[in-house]
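Student: Dropping the structure in here first, questions after.
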Amino acid sequence: MDLSNILFQTFIMVLVTSLSGSLIVKIWLAYALRLESAGCWHLFNYGIRGAILFWGLPLVYMILMLAGKSFSFWGGVLFQLTPVIYYFVMAIGIIWLSGAMILAGKYILAGIGAYKYYCKRIPHKDDWGIVCKDICRRLQIRRKIPVYGCYEAQIPVIRGLFRPMIVLPEHGYNNEELRVILTHELTHYRHRDLWLKALFTSILCLQWFNPLPKEVYKKFCFWSECYCDASAAPVVGGAKLYFAEILAFTQKQERLNLMGGTGLLEDEHELLRRVSHMSKQRNAKKVPKQVAAAMCAGIICLSAGSVFAATGTLAAGYQQLYYATMVEDITTEDSAIDWLESEDFGPAPGVIVISDVADGARVKANDTFEWTVKNNVQKQTGTFYVASGKTITATALFDPTDVSVKLGIIKPNGARTACIGSDSLTKSYTADKSGYYQVFVENTSGVTIEVSGSYRTR
């Protein structure tokens, strides 16, 4: 297992998902709120969570690679490498990994501190267990979730990814208070908020250089509470009773770091925002499901289109960088290339000449090309002007890599200078006189080949 390769590919994926994920979230934040205002809170909630989790794709890839899965997501030119690109990205990748590990260590220490804070727990009272079991039945939760008291706790909280438990401040509760508190915490469990919060924490580590996830995380926590309120309030008898019981804890609450857990209340200001949000949802005019689904589909299409356009621009820029650095790398290591030089005045007998543009058309002196060249075909660029003394450098990659291909330059007088080889080739020529030149690929290998190349003049 090549750890450096895992680091490189993971970092590249982090960069790509940072761009595309940020675009997706921005679009959802701008337009999906209309779903919420239209009373389609569930669609909004699931949509925004899906958009946020897009940032976490590098985690999946890294886990699969560490597990020994040998595959790559990359195709085409976008993630082909030259030494210049590789070492540059690796240097930046090491900086990224260092920052991610430091932030992850910070969160781990915070989680350990929170665990120690609640470790002095005591078993629940019988009536707590009865009420909890009844609420689990109403919420269709099959798992048995224990309830503990804690003298150190100031607010109720649910903790534990693999062994969830509810921790309550150790004092007396009437039946309504207990039902509201337990319903709220169990609803968080039913919504899988503990896992989502843990995953988002990992995303914050991966995307520590991107300020957007930090801002979205704060909103994510608020949305999770609002979604929990909307689901829990009907279970306990309505929003009025629900928030009245929660408000009773505001004078006793202490602002805590709930790393690894979800609390009932963090501050009074947040509670007022949640009450206001609940009121807006109750008064929202519901739109038909078909309209809501159409709105959701439109947002998805807009997100996909924007990401496609952004990544397409990224790919085009990377392609230019790749070919530029590939020329530099290959020309400085000609000894590693197995090719032969040749000079002639035309293609081999029976070879058909096909121009990349209309006959006589002029093209740029620096450009790239992507060709499919059939057997016994010479594919060539349009003509481009080169002043005397300037150097033309052409480079190309071939697929299949084990066939012999000719890559060369056509001079103004029709003479050709070329190199013959396989896999990748580079041909340089210094113009002895000003005029119009062309780059060509001649294929007499017996099979059709795919060519990715570039040429430049300097």
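Student: Fully extended, how many nm does the chain gain between Ala361 and Asp423 (0.36 nm per residue separation, minus their Cα-Cα distance)?
Tutor: Between Ala361 and Asp423, full extension yields 19.4 nm more.
Student: At Leu212 and Glu152, where each label point lies 7 Å from the Cα along Cα→Cβ, what is the point-to-point distance in nanometres?
Tutor: 3.9
Student: Tell me which of Thr393, Val351, Asn413 sits at the most positive position along the dipole axis of the range 336-457, charges placed on C-beta atoms (Lys, Arg +1; Asp, Glu -1).
Tutor: Of the candidates, Asn413 comes out farthest on the positive side.
Student: Arrange Tyr107, Tyr242 by Cβ neighbour counts within 10 Å, fewest through most, would you?
Tutor: Tyr107, Tyr242
Student: Right, here's the next one. What's the ranking of 180-193, 133-146 by average number of surrounding C-beta atoms within 10 Å, highest first?
Tutor: Taking the mean over residues of other Cβ atoms within 10 Å, the ranking is 180-193, 133-146.
Student: With a ≥ b ≥ c taken as the square roots of the eigenvalues of the C-alpha gyration tensor of the range 336-457, please select rounded if a/c is under 1.5 and otherwise prolate if a/b is larger than b/c or oblate if it is not? Kindly include the intermediate steps, with their values, before the conclusion.
Tutor: Details: a/c = 1.58, a/b = 1.39, b/c = 1.14.
Judged from the Cα gyration tensor, the range 336-457 comes out prolate (a/c at least 1.5, a/b above b/c).
Student: Let me ask another. Using 1/(1 + (r/R0)^6) with R0 = 45 angstrom and r between the beta carbons of Ser404 and Lys433, what's the FRET efficiency to the nearest 0.05?
Tutor: For R0 = 45 Å, the calculated efficiency reads 0.90.
Student: Also, quick follow-up: Relative contact order for the range 336-457: what is it in percent, counting Cα pairs under 8 Å that are at least 6 residues apart?
Tutor: 37
Only the coordinates and a few stated rules stand behind these numbers; no lab work does. Everything numeric in this text was worked out from a predicted model, so none of it was measured. FYI the Cβ positions are ideal-geometry reconstructions off the backbone, even for glycines, and counts take in every protein chain you see.
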